[in-house]
Amino acid sequence: MVEAIFIAIMIKMNFLDEREKNMFQPQILSLFLYFPKDKSEYIPAGITFLIFFIGAILAMKFIIAISNREAKKAKELENRIMNQHSQKEQ
């Protein structure tokens, strides 16, 4: 994988001649790109993406809700401590 990235950088910076570029480009592109002829192969990937995207949104909302709950508890604790401190001073 590192070799492919190194070769891609060499191609981009024009360190390779035209024959060497043509020799390496299909190999590099095949590592990153896959376009199926049958477009129905995109359906399972789309469904999987949708499931994980919804899961990520739900996880984010869950974490935010817990954070808000903890912030509310911390604020109540701070107020209680401040009240106790002010009562001791009187």
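Read-outs: derived from the displayed coordinates by stated rules, not from any lab. The structure displayed is predicted, hence computed values, not measured ones.
Before moving on, here are some points about what is shown:
- Extension gain (nm, one decimal) between GLN84 and PHE35, 0.36 nm per residue minus Cα-Cα: 10.9 nm
- Cα-based Lys proximity count in the stretch 36-90, under 22 Å, for pairs eight or more positions apart or on separate chains: 4
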